[in-house]
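K.L.:
I have a structure I would like to understand better, so I am pasting it below and will then ask my questions one at a time.
The values are calculated or read from the model by the stated rules, or taken from the named source; none is laboratory data. Remember, predicted model here, so these are calculated numbers, not experimental data. Reconstructed Cβ throughout: ideal geometry from the backbone, glycine too, with neighbour counts over all protein chains shown. Calculation scope for accessible area: heavy atoms of the full protein, side chains included, ligands and nucleic acids excluded. Shrake-Rupley method; radii C 1.70, N 1.55, O 1.52, S 1.80 Å.
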Amino acid sequence: MESLFGTINVRDLLSAADLSDPNSPLSAPDLRLLIHRLESHSLQIRSQVQSYLISHQHDFQNLFSLCNDAVSQTNEVYHDVAGILRLLSDSPIDVEVRTVVEEIKAKKEELRVKKELLGLVKSVVGVNQRLESVREGLKNGRFQFAAQGLKELKVALRIRDDDSVSADDIEPLVYGLLRKEWSQCFEEIQTVLVKIMEKAVRFDGALNQVEVKYHLEVDNMNEIKLQAVLEAMDEVDILEYGLAKVADLMIKHVISPFVNCERPVSFLEEFNQESAVLKIVPSLNSKPEYLDGEFLYSGIVLFVKFISRSICFQNSSWIRCFGRLTWPRISELIISSFLSKVVPTDASKLPDFQKIVKCASDFETALKELLFISASDDKDNRLSNFAENVEVHFAFKKKTEILSKARSLLLECDFSIPQEYTRDSSTWKNDGTSIQSFSHVVDLLFLSERCLVSKAAKQLMELVHQTLQDVCLSSTRVALEFYHAARDAILLYEVVVPVKLERQLDGINQAAVLMHNDCLYLSQEILGFAFEYRTDFPSSMKEHAVFVDLAPRYQLLAEEILQRQVHLVIHNLKEALAGADGFQNTHQMQQFESAKFSIDQVVFILEKVHIIWEPLLLPSTYKKSMFTVLESVFSIITRDILLLDDIAADETLQLQRLIHIMLENLSSLFESLAMEDQNLHEFSVGSLDDRIPSLRKIRKLSELLDMPLRSITSSWENNDLLSCGFTITEMEDFIKAIFADSPLRKDCLWRIQNASF
């Protein structure tokens, strides 16, 4: 049958000539021929199919019978399924099945949970029983058993060292209770073990000894071995805690007395099967080699060996633990009581310190061999590091001495003025300047003048100069410390003295002026440091060591003190003038006496200031400050008189008299101000009125008080009054106050208003 259904090739049904050109169309005869041949071929196929069916008739009958049976069975299945569906629709059995299945699942889950809970209960019971066994072991003295149990339970209960619980951990509440029980048990064993350690190591201050017992009896527990106690503490990680108090008492009762003892002492060891004793006894050698520390170090090595044998039982980790607890304090005691005291005070003695450096290094090497300190951690080389940095310690010690000396100078100085420096002394020159040969009179480098300074400032600057000279001769590290010491010493003045003289600065006195001179002197000296020392500084410091930033601080402080004094003087003068009541009604005796008293007070204050300022301040500073004060007081008096709106004839004479009294009493002050400065040639006698404009004005006012009206007008017109500082308004008010209204007054006022200069 396969051959019947093979592919029919049309080309095979035509002759070869008809296919010579595949692209040419077939002719009608060819097409008829092709149709004929196709019909013939179709008949052949039909004939073959018919023959095949006849020959396989039995097979086809069986096939059709089989198909018929399959269809019949399909129908039966269809009817059965339809019946089941009708049955299901009448009674919903699927819901019952689902319910049963869910109940089965729930029972299985409940069974699983109960099994897990049973396992948890068994675990909790087991942990609780183990905790009870730990407590029982603790009571019976089986400390190692109890410690091992606690360690295992710590892992089982997932207890961390920081007592924290992860937020992601979801666990039964009973675990928290068990942890609490474990903590209580841990505290119990910790308390018991520490108590036993305290009984095992006993200190006797009267006998100067420490005794270590190997076997103890505590709370009805016999034959407790010290080594077993230490092993138990190590097992539960409380060895450091358990040895902490013992280490502290060892430092207090053994090491500290040994290191700080004024007389030489040594250690004596006694051992037996039950205990070990370490005694502090007087040294047989009355002059031990203590200068280099060898005797001290050998005694501490003996102490460490005693600890290693009697307490740590040659256990390297226990020895190291005890070393961590005691070595920082032991090294600090050695440094403070020995090494720091033998640091050279002179740079020339630094090479001799090398023997002490070697002894300290050998001592630490011995401790490393005993495993008392770490061989790899450089932090444990405390003594070597200190000794090797002796230059820094030497410089630090010198710096401390410098600052201590500077502070003492400032605190001990009373800032008083010796009698020979005062204006009233017999040594005061006729030209108004004090003798310049005294030790406290100093040169101001950049002002070409001299001034008096306090003993503290002079000695402080001498100390700073000496320190800077040491900077030039020292190594870089030492020089750097000296440089900072010099700066800090200078700054001490700014910190100490203003507080020390706080009350004096609130008044008019010599101490405040002396502090002004000190600050001026310090600022000048500071500016000179760079020129005097900078070239000799170590090369690495030349770019970084500066003092110029300190000079403006003292310059400003000096100016601030001076201005404060000037303001205090002016304030006192204003208070004195307030009693004059504006110089009103001075023709009345009571008012005149009141005004005269105020003028006397003004003269007294100015003379007091004159006496205080002139001997101490630089001439230029004295004159400048006094000019400011006089300008202020004369301006106030002139203003008050010019503001009077009605002046009687007698009153003008009294006002003129008050002005004359004041000026006459201030004649010595004017002489000191008019005196020519022999260095600066800044002021002359003729320039006094120019420096104090209100002085010329008050003198002219005194003349105006008894001058005729026409003369006043003429003085205004010839510019005399204007040059003295009078204004048109002041002159108009003055004329109206003195002269009654008249044609002459009106004419004079008109001439004053219309005068052209």
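K.L.:
Report whether or not Lys368 is modelled with pLDDT of 85 or more, charged (D, E, K, R), part of a helix (DSSP H, G or I) and more than 29 Å from the chain's Cα centre (by Cα). Let's see the steps before the verdict.
P.N.:
Working: modelled with pLDDT of 85 or more: yes; charged (D, E, K, R): yes; part of a helix (DSSP H, G or I): yes; more than 29 Å from the chain's Cα centre (by Cα): yes.
Yes.
K.L.:
Any idea which of Val113, Val125, Val95, Val121 is at pLDDT 80 or above and either aliphatic (A, V, I, L, M) or exposed (fewer than 10 other Cβ atoms within 10 Å of the Cβ) (or both)? Working first, answer last.
P.N.:
Numbers: Val125 fails: at pLDDT 80 or above; Val95 fails: at pLDDT 80 or above; Val121 fails: at pLDDT 80 or above.
Just one listed residue meets the conditions, Val113.
K.L.:
Of all residues in the range 595-623, which are open to solvent by 10 Å² or more (accessible area, probe 1.4 Å), of a type in the set (S, T, N, Q) and touching a helix residue (DSSP H, G or I) at 6+ places or on another chain (Cβ under 6 Å)?
P.N.:
Gln601
K.L.:
Out of the residues in the range 186-228 meeting the condition of being among the small types (Gly, Ala, Ser) and out of contact with any Lys or Arg (no Cβ under 7 Å at 6 or more places or on another chain), tell me which one is surrounded by the most Cβ atoms within 10 Å (Cβ to Cβ). Reasoning before the result, please.
P.N.:
Residues of the range 186-228 that are among the small types (Gly, Ala, Ser), as a first pass: 200, 205-206, 228.
Retained after the next criterion (residues that are out of contact with any Lys or Arg (no Cβ under 7 Å at 6 or more places or on another chain)): 205-206, 228.
On the way: Gly205: 9, Ala206: 5, Ala228: 17.
For the range 186-228, the residue satisfying everything is Ala228.
K.L.:
Go through the residues of the range 690-702 one by one and say whether even a single one is at pLDDT 85 or above, small (Gly, Ala, Ser) and over 30 Å from Leu447 (Cβ atoms). Show your work before the answer.
P.N.:
Step one: list which residues in the range 690-702 are at pLDDT 85 or above, which gives 691-702.
Of the ones still in play, those that are also small (Gly, Ala, Ser) are 694, 702.
Narrowing further to those that are over 30 Å from Leu447 (Cβ atoms): 702.
The answer is yes, given that some residue of the range 690-702 is at pLDDT 85 or above, small (Gly, Ala, Ser) and over 30 Å from Leu447 (Cβ atoms).
K.L.:
Only one residue in Phe446, Phe529, Phe438 is at pLDDT below 90, surrounded by 15 or more Cβ atoms within 10 Å (Cβ to Cβ) and among the hydrophobic types (A, V, I, L, M, F, W, C), so which one is that? Outline the logic, then answer.
P.N.:
Details: Phe446 fails: surrounded by 15 or more Cβ atoms within 10 Å (Cβ to Cβ); Phe438 fails: surrounded by 15 or more Cβ atoms within 10 Å (Cβ to Cβ).
Going through Phe446, Phe529, Phe438 in turn, the sole match is Phe529.
K.L.:
To continue, here is another question. Within the range 444-459, track down each residue that is among the polar types (S, T, N, Q) and within 14 Å of Asp518 (Cβ to Cβ). Talk me through it step by step, then tell me what you get.
P.N.:
Pass one, the range 444-459, residues among the polar types (S, T, N, Q): 448, 454, 459.
Ser454, Gln459 - these are the residues of the range 444-459 that are among the polar types (S, T, N, Q) and within 14 Å of Asp518 (Cβ to Cβ).
K.L.:
For Val495, which of the numbered conditions (1) without any contact (Cβ under 8 Å) to a residue 12 or more places away in the chain; (2) crowded, with 21+ Cβ neighbours inside 10 Å fails to hold?
P.N.:
So Val495 meets the others, but not (2).
K.L.:
I'm trying to understand the selection: among the residues of the range 633-651, which are part of a helix (DSSP H, G or I), of a type in the set (Val, Ile, Thr) and farther than 14 Å from Lys700 by Cβ? Spell out the reasoning first.
P.N.:
First pass over the range 633-651, keeping only residues part of a helix (DSSP H, G or I): 633-642, 649-651.
In the following step, the residues that additionally are of a type in the set (Val, Ile, Thr) were identified as 633, 636-638, 641.
Result: Val633, Ile636.
K.L.:
Let me ask something else about it. Starting from residues that are surrounded by fewer than 15 Cβ atoms within 10 Å (Cβ to Cβ) and of a type in the set (A, V, I, L, M, F, W, C), keep the ones in the range 374-414 and report whichever is farthest from Val343 (Cα to Cα).
P.N.:
That would be Leu411.
K.L.:
Further question: Can you tell me which residue in the range 371-386 is nearest to Phe322 (Cα to Cα), limited to those that are touching a residue at least 12 places away in the same chain (Cβ under 8 Å) and more than 29 Å from the chain's Cα centre (by Cα)?
P.N.:
Applying the first criterion (touching a residue at least 12 places away in the same chain (Cβ under 8 Å)) to the range 371-386 yields 371-374, 380-384, 386.
Next cut, more than 29 Å from the chain's Cα centre (by Cα) only: 371-374, 384.
Working: Leu371: 10, Phe372: 7, Ile373: 9, Ser374: 12, Ser384: 21 Å.
Within the range 371-386, the match that is nearest to Phe322 (Cα to Cα) is Phe372.
K.L.:
Suppose we keep only residues that are within 22 Å of Ser625 (Cα to Cα) and open to solvent by 90 Å² or more (accessible area, probe 1.4 Å) within the range 652-682. Which one would you say is modelled with the highest pLDDT?
P.N.:
It comes out as Glu664.
K.L.:
If you don't mind, another one. Would you call Arg553 more than 30 Å from Glu614 (Cβ to Cβ), assigned to a helix (DSSP H, G or I) and in contact (Cβ under 8 Å) with a residue 24 or more places away in the chain?
P.N.:
Numbers: more than 30 Å from Glu614 (Cβ to Cβ): no; assigned to a helix (DSSP H, G or I): yes; in contact (Cβ under 8 Å) with a residue 24 or more places away in the chain: yes.
Criteria not met by Arg553.
K.L.:
If you scan the range 293-336, which residues turn out to be under 31 Å from the mean Cα position of the chain (by Cα) and open to solvent by 30 Å² or more (accessible area, probe 1.4 Å)? Talk me through it step by step, then tell me what you get.
P.N.:
Narrowing the range 293-336 to residues under 31 Å from the mean Cα position of the chain (by Cα): 324-336.
The answer is Arg324, Leu325, Pro328, Arg329, Glu332, Leu333, Ser336.
K.L.:
Where in the range 129-240 are the helices (runs of 4 or more DSSP H), entirely inside, with at least 3 residues that are at pLDDT below 75?
P.N.:
Details: elements: 143-156, 173-200, 226-235.
Fully inside the range 129-240 and qualifying: 143-156, 173-200.
K.L.:
Turning to a different aspect of this structure: Only one residue in Ile738, Ile698 is surrounded by 15 or more Cβ atoms within 10 Å (Cβ to Cβ) and under 22 Å from Trp750 (Cβ atoms). Which one? Before you say what the answer is, go through the steps one by one.
P.N.:
Values: Ile698 fails: under 22 Å from Trp750 (Cβ atoms).
None of the others qualify; the one that does is Ile738.
K.L.:
Which condition breaks for Met626 when tested against (1) under 30 Å from Asp646 (Cα atoms); (2) open to solvent by less than 40 Å² (accessible area, probe 1.4 Å); (3) modelled with pLDDT of 90 or more?
P.N.:
(1)
K.L.:
Looking at Thr713, is it polar (S, T, N, Q) and closer than 16 Å to Ile641 by Cα?
P.N.:
No: the conditions fail for Thr713.
K.L.:
Find all pairs meeting these conditions: Cβ atoms under 7 angstrom apart; at least six residues apart or on different chains; first residue within the range 573-595 and without any contact (Cβ under 8 Å) to a residue 40 or more places away in the chain and closer than 17 Å to Leu643 by Cα; second residue open to solvent by 50 Å² or more (accessible area, probe 1.4 Å) and part of a loop (DSSP other than H, G, I, E, B).
P.N.:
Gln591/Gln584; Gln591/Asn585
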